[in-house]
Amino acid sequence: MKKRDKVKSSLIIQFTWIIFISFLISMLIALFATAIMRWAGIDLRAFNTILIMVLGFAVSLILGTFFAVLFFKRSVDLADNLKIALKRISKGDYSVRIENKSNNKDSLIYDVIENFNKMVEELNSVAILRNDFISNFSHEFKTPIVSIKGYAELIKDGKNLTEKQKQEYLQIIIDESKRLSNLASSTLLMSKLDSQTEIKETEIFSVNEQIKQCVLILDNEFKTKNLEVKIKLGKMRVNCSMDMLQQVWLNILTNAIKYTPMGGKIRISSIEMEKEYVISISDNGIGMNKETLDHIFDKYYQGDNSHATTGNGLGLSIAKRIVELSGGKIEVNSAEGKGTTFSVSLPKLEKDYFPTRS
């Protein structure tokens, strides 16, 4: 038996049951009416009395049958629409939607249609992310491989190359190999973070001290661009993964260094809220336009090509995911030519905002 026939068979059984119940209710109404008439002393043999009972029974049966037919038709239509929609989805068409004609938001049919449409929207979002990921991933890996291959061939076939040119090409191959290695490591880390729902290996530590250590780690980069760094942090103790959170600060600070001009300024500050700390890292660099802001945390996205720098476009995606897994959130505000501010919110330790009993 085909699936459509099975669905119709099931609905026909439901339809039969509704008619049977309607008939049963009609019989009960008739018996109840008879009992009342007898109690009231009405002569059941009178023609008018019998006529009223018969009409009442007929009306009950007709109404029950009408509602059964209406239910049957709506159920069959919904089953047909679902079948057509599912067939389109199986072929990769996630634009399909089922029009919800039900006015009763508490009805089963309304919930089925709404949940189906939400499911398709989610599938469409996943499909878009998957396609973008594959496209960007392929491009990011292909670029350094092509570069390595090209310069290796030049060295192999270039009999007239000077020693300086050879060393230059070899350095490019080394740099591109390193970039490829970092890209693979970052992609694996991003994949691992995406599969996690929480970070289990955590410890309590001072996040303000950790940020200061990250600034020291990047000291050479700050000095190379003659950047002024001002730090104004309060005491902040959190329960997070120390290693992962360090990547967040390094990624954000590295990003700030890249897009801040020579002699620029970077400010690191914190605010203590009732249940969270908010750490802000600001620069007076080139800033971002609206399109870049909308995609800044997307995987492999590197913003305006005119300001492109070395990187793999995964740093901020990784930072965002780590912050989310730590129970916090990350936001960015920016304006072209005025600079950028990243704000990271992290939950305080429970004992810091729940008073202890004396």
* Shape of the stretch 165-246, Cα gyration tensor, a/c cut at 1.5 -> oblate
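Would you mind getting me the FRET efficiency between residue 254 and residue 122? Use the beta-carbon distance for r and R0 = 41 Å, nearest 0.05. All intermediate terms of the calculation are to be shown ahead of the outcome.
On the way: r = 34 Å, r/R0 = 0.82.
In this case the efficiency is close to 0.75.
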* Asked: Which pairs break 25 Å Cα to Cα here: 91/320; 149/223; 223/338; 192/235; 192/299?
  -> 91/320; 149/223; 192/235
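Can you give the FRET efficiency for residue 110 and residue 143, using 1/(1 + (r/R0)^6), R0 = 41 Å, r = Cβ-Cβ distance, to the nearest 0.05? Before the final figure, lay out each step's value.
Numbers: r = 50 Å, r/R0 = 1.22.
Once rounded, the FRET efficiency stands at 0.25.
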* Structure fact -> Everything considered on the Cα gyration tensor (a ≥ b ≥ c; rounded for a/c under 1.5, else prolate if a/b is larger than b/c, else oblate), the stretch 187-303 must be described as oblate
* With all protein chains present, calculate the accessible area of residue 169 using a 1.4 Å probe and round the result to the nearest 10 Å². => 40 Å²
* Label-point separation in nm, residue 242 to residue 226, each point 7 Å along Cα→Cβ -> 3.8 nm
* To do: Any chance you could look up the accessible area of residue 177 with a 1.4 Å probe, heavy atoms only, rounded to 10 Å²?
  => 50 Å²
* Potential extension, residue 83-residue 97 segment - 0.36 nm per residue separation minus Cα distance -> 3.8 nm
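Ordering 341, 187, 162, 224 by accessible area with a probe of 1.4 Å, largest first, what comes out? Let's see the in-between values first.
Values: 341 40, 187 20, 162 70, 224 100 Å².
The ordering from most to least exposed comes out as 224, 162, 341, 187.
The values are calculated or read from the model by the stated rules, or taken from the named source; none is laboratory data. Just so we're clear, the structure is a prediction, and the values are computed from it rather than from any experiment. We place every Cβ from the backbone using ideal geometry, glycine too, and count neighbours over all the protein chains shown. Just the protein is used for accessible areas: all its heavy atoms, side chains included, with ligands, DNA and RNA removed. Shrake-Rupley method; radii C 1.70, N 1.55, O 1.52, S 1.80 Å.
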